[in-house]
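Data first, discussion second: the structure below is written as structure tokens.
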Amino acid sequence: MQIERLVAKAKTFLLDLDGTVYIEGALIGDMKNTLTALRESGRRLVYLTNNSSKTKEDYIARLSALGIYEKNDAVYTSGDATIAFLKKRYAGKRVYLAGTGKVRRSFSAAGIALDEENPEVLVLTYDTEIDYEKISKTALFLKRGIPYVATHPDINCPAKEVDLPDIGSYIKLFETSTGRVPDVVVGKPHTYMGDGVKELTGQSGNELVMVGDRLYTDIAFGVNNGFSSLLVLSGETTAESYRQSAIKASAVLPSLNEIVRYL
């Protein structure tokens with residue numbers, strides 16, 4: 001799909017954050033004006049992140065501090081999508097949540113019953129406060145055979161000096177220890193999160209454009225959910241790695257900032 005056609009059909013841009021909008025909190029290029037131009041063209045912005053180490057409120061505060069969040073914008077995390085999934089698939093079940101304190105409180109506030117001793121479901125998030133006690137408990141509960149849900153599959157989290165281990169690395173740790181892999185992964189590139197996006201926006205298909213720097217999460221998410229997808233080469237994916245990949249985006253730009261030429 002040509003970039004002009006993608007933009008013409010788009011009503012909402014689903015924006016990945018790390019590697020797409022910013023890297024370690026530093027905006028990529030003239031991103032603030034780019035996002036303003038998208039809004040002024042009549043498009044809505046939904047910040048869509050797999051990072052489940054923070055809450056929606058954390059992201060709204062962070063994006064507001066950067067000057068890139070406005071009242072018609074929205075934030076939707078893999079944590080939000082997982083809460084919705086648990087309410088549909090495991091309603092009323094007790095959950096052991098491996099996650100940060102803020103994320104645990106957000107799940108509890110959303111009505112998820114958390115249980116440290118005898119859970120019926122285990123949920124693994126990107127826990128940046130993980131310690132050996134949590135690792136041991138997670139392994140114990142996995143060995144009991146209870147359902148195992150992960151918020152997303154990302155192996156690394158983009159950072160300026162070196163990418164940092166993300167939940168995908170934790171998943172490998174627990175696979176080595178327990179022999180188990182998640183029964184369900186909710187976030188990008190899977191359709192569970194896509195269903196949440198469609199409910200949030202009331203839109204589908206090419207009305208939605210997934211913008212991101214990762215092929216196996218962002219671009220595959222667009223493909224799996226029937227959305228348009230825009231790969232930006234400002235983060236993980238290089239032109240060469242894209243050339244060699246079987247996953248293909250609807251369009252490719254060096255960065256999201258280039259889109260202003262097509263509005």
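Provide the percentage of antiparallel DSSP beta bridges, counting only those with both residues in the range 91-185; round to the nearest 5. Bridges in the range 91-185 that DSSP calls antiparallel: roughly 15 percent. Working note: 222 nm ellipticity from helices only, DSSP H runs with n ≥ 4, each -39,500 (n - 2.57), summed and divided by the residues of the chain, gives -10500 deg cm²/dmol to the nearest 500. Comparing ALA61, ALA220, ALA251 in a Gaussian network model of the chain where C-alpha atoms under 10 Å apart are linked, the largest mean-square fluctuation is found at ALA61. Lysine pair count for the range 91-185 (Cα-Cα distance under 26 Å; residues 8 or more apart in sequence or on different chains): 14.
Here the contact order of the chain, divided by its residue count and restricted to Cα pairs under 8 Å and six or more residues apart, works out to 23 percent. Within the chain, no whole DSSP H helix has Cα atoms reaching 30 Å or more along its own axis together with a mean Kyte-Doolittle score of at least 1.6. Using a Gaussian network model of the chain in which every pair of alpha carbons under 10 angstrom is joined by a spring, one finds that among ILE135, ILE68, ILE167 the greatest mean-square fluctuation is at ILE135. Sorted from longest to shortest, the spans of the Cα atoms of the range 58-149 along the three principal axes equal 46, 30, 17 Å. Counting DSSP beta bridges in the chain, what percent are antiparallel, to the nearest 5? The answer is about 10 percent antiparallel. Judged by the gyration tensor of its Cα atoms, with axes a ≥ b ≥ c, the range 1-119 is prolate; a/c meets the 1.5 cut and a/b is the larger of a/b and b/c.
Only the Cβ atoms of Lys and Arg (+1) and of Asp and Glu (-1) were treated as charged; on that basis the dipole of the range 91-185 about its Cα centre amounts to roughly 260 debye. For the range 109-150, the mean projected area of the C-alpha convex hull, equal to one quarter of the hull surface, is 3.3 nm².
Across the range 1-137, C-alpha contacts under 8 Å between residues 6 or more apart give a mean separation that, scaled by the residue count, equals a relative contact order of 21 percent. With neighbours defined as other Cβ atoms within 10 Å of a residue's Cβ, the residues SER78, SER108, SER229, SER53 order from fewest to most as SER108, SER53, SER229, SER78.
Values quoted throughout were computed directly from the atomic coordinates according to the rules given, and no laboratory measurement underlies them. Everything quoted here is computed from the prediction, not taken from an experiment. Cβ atoms come from the backbone with ideal geometry, glycine included; neighbour counts cover every protein chain shown.
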